[in-house]
Each structure stands twice: as C-alpha cells, then as structure tokens.
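Here's the structure we're looking at; comments come further down.
Please treat every number below as a calculation from the coordinates, not as lab data. Just so it is clear, the structure is predicted and the values come from calculations on it, not from any experiment. Cβ coordinates were reconstructed from backbone atoms using ideal geometry, including for glycine residues, and neighbour counts include every protein chain displayed.
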Amino acid sequence: TLLSVSGRPLDVDGRRGAIAVFHDITEVREREGDLTAFAGIVAHDLKNPLAVIAAHAEMARDILAPALPHSPEAREATASVERVSAGVVRMRRLIDDLLAYTTARDAALRLRPLDLAALVGEVIAERINHLPVRPDIYVGPLPWVEADPALLRHVLDNLIGNALKYVHPGRVPKIDVSAAPAGPGWVRVEVADRGIGVPDADKPHVFESFHRAHAGQSYGGTGLGLAICRRVIDRHGGSITVVDNPGGGSRFSFTVPGATLPADAPAGATAHE
Ligand code: ADP
C-alpha cells in the first residue's frame, strides 16, 4: 500500500497539536501509470502528422514568398503560414516534453560516469545558439557524476532553458552553474539565475506536472519540464529543490551520485571523492 501523508499544526484555545491525514494512493499511482503510458503513445503517434504539417508549411512559405505580388493579401497569407509554423514548434515542444516525461518514468536507467562540465557545455552551446543576445553565463568547476547521460541532459537542458526564459523583459539573462559535494558520494548541482523568480506560493508545486507559476504572462511552456526533472532525479536517488537566489531570481539544486574519474579522463577534470 502506498500512503500519502499530509498534515498541519493545530492551535485550539492555546493547546498545540497537529493533524495528520493518511491517504491510500495505490490506486491513484496505478491510474497515473496508465495515463503516462497513454500520453506516451499519443505523443509518439502525433509526431508523424505534425511532421507532415511542418513540411507543408515550409513548402507553402517557400512557394508563396516569390510567387505572390507584394499585396496585403500576400502578406496576410505569409503571416498565416508563419503562424502555422510557430504552432508546430509549440506542439513539437509539448510532444518532446510528453515523451521525455514518459521515458523518465519507464526507461531503464543506464548509469555511467559522466563529465558534468562537458555535458553542461554542450547544453549551453545548443541553448544559446539562436538567441538574439549573448547571455551572461558563468560555469564553475564541475565534477564527474554517475548518471544516465540522456536523462541528466534533459534535467540540465530544462533548468538552463528555464533560466534563460524566465527573465525580466528586456534584460540579459544571467546564469551561474556550480557544483559542490553533498555528503559522501553525492554531488549537488546548482543552476542560479537573476530572472523573475518563483513566487513562494508556487515553490512547493513547480515540480508537479502542468503547474505553471507565470501562466498568465507571455512565457510559453508546457509545465512538464520540472516534473520531468524531478522524475529523473528521483530515479537517481537524489532530490531537487528551488529557493530564491539571494541576488534576485531563483536557484534550482539537485543531487546526483558522484563518480570517480575514468582512467582516460582529460587533464584538469575533477572528481568528487
Ligand atoms: P514550463 O514549460 O512552463 O516552463 P516547467 O515545468 O519547466 O514548465 O516549470 C514550471 C513553472 O515553474 C514555470 O511555468 C514557471 O512559472 C516556473 N519556473 C521554472 N523555472 C523558473 C525560473 N528559472 N525562474 C522563474 N520561474 C521558473
């Protein structure tokens, strides 16, 4: 039986106590498993029709632009095609997130020693490739860790992607990636930003699927990224949290097992003891 325990302190006429509520969540977990599998199948099956839409939108744009005379109708038609393409990009992101979400739950973990510095470097290079401004990113010395490469990449990609996204409008993103030992055999990795921050009321919920703290604002997203991060980190036996960055913005930290250096590691690499 899976039990979920929640509680809160009580103060009745000056007498202090606490109330604890136990829920049997076995059935909820099983239902969640079914839903996850279903989401995975749907996401996978949506990929093909979406690829067809994307290809045709691209073709229409290539044909329209040179063929139409410069008229308001031509501009309107081109704008419509651009909107289809933008919709495709958003849907692709949702599908990728759904697939990653199901994989993070079900795929077998393939643990191996990983050079965190190299992985963070790759993720950052990819993420800043198409940005109009060059963000201010500082990466501290990073150790080797013992993790699943594809899944850990998702975590770093989500956290760094969010740090680049949730910025005050018009400001250059500032990110600080660092790591420190977190008890014997464990490493704590931190991604801190100077962005808009996570409101206190949302902090306990941002790792739940579909919870979006800034949903009413113009930041796009699916609300799945951090849920994926939590699943991946849970499966590595670690934990993930968010606190305010003392300098403004937020600071996401997660723990993963440390690794000893493989014999062929490049000079200058560091290992967590
Ligand atoms: P989304 O696809 O909406 O970005 P996530 O699961 O990655 O979903 O994040 C959940 C919510 O947490 C976001 O909608 C946003 O409100 C908040 N959030 C995540 N990262 C940050 C951050 N670095 N700064 C401020 N808010 C954040």
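Relative to the longest principal axis of the Cα atoms of the chain, helix 26-67 runs at roughly 20 degrees.
What share of the DSSP beta bridges in the chain is antiparallel, in percent to the nearest 5? Before the final figure, lay out each step's value.
Details: 34 of 40 bridges.
Among the beta bridges of the chain, antiparallel pairing accounts for roughly 85 percent.
Grab the beta carbon distance between residue 26 and residue 205, set R0 = 35 Å, and tell me the FRET efficiency rounded to 0.05.
Values: r = 23 Å, r/R0 = 0.65.
The formula returns an efficiency of 0.95 here.
Which of 80, 253, 178 moves most in a GNM of the chain, Cα contacts under 10 Å? Looking only at 80, 253, 178, the biggest GNM fluctuation is shown by 80. What is the helix-to-structure angle for 149-165, meaning the angle in degrees between its Cα long axis and the longest Cα principal axis of the chain, kept from 0 to 90 and rounded to the nearest 10? Taking the Cα atoms of the chain, the angle to 149-165 is about 70 degrees. Does a label point 7 Å from the Cα of residue 218, set along Cα-to-beta-carbon, have any residues of the stretch 155-194 with amide nitrogen under 11 Å, and which are they? Only 169-170 fall inside the zone, counting backbone N under 11 Å.
Tell me which lysines have Cα within less than 28 Å of residue 203's Cα, excluding those fewer than 8 residues away on the same chain? Partners found: 165, 174. Among 223, 170, 14, the residue with the largest mean-square fluctuation in a Gaussian network model of the chain, with springs joining Cα atoms closer than 10 Å, is 14.
Taking θ as phi - 60° and the Karplus parameters 6.51, -1.76 and 1.60, the scalar couplings of the stretch 222-229 work out to 10, x, 10, x, 6, 5, 5, 4 Hz in sequence order, x denoting glycine and proline. Residues considered: 175, 240, 53. Largest GNM mean-square fluctuation over the chain, using C-alpha springs under 10 Å, is found at 53. Remark: the stretch 72-79, residue by residue, has Karplus-estimated 3J(HN,Hα) of x, 5, 5, 5, 4, 5, 5, 4 Hz, where x stands for each Gly or Pro and the curve is 6.51 cos²θ - 1.76 cosθ + 1.60 at θ = phi - 60°. Taking the chain as the reference, fit the longest principal axis to its C-alpha atoms, fit the long axis of helix 116-128 to the helix C-alpha atoms, and give the angle between the two in degrees, 0 to 90, nearest 10. Orientation of helix 116-128: about 30 degrees from the principal axis.
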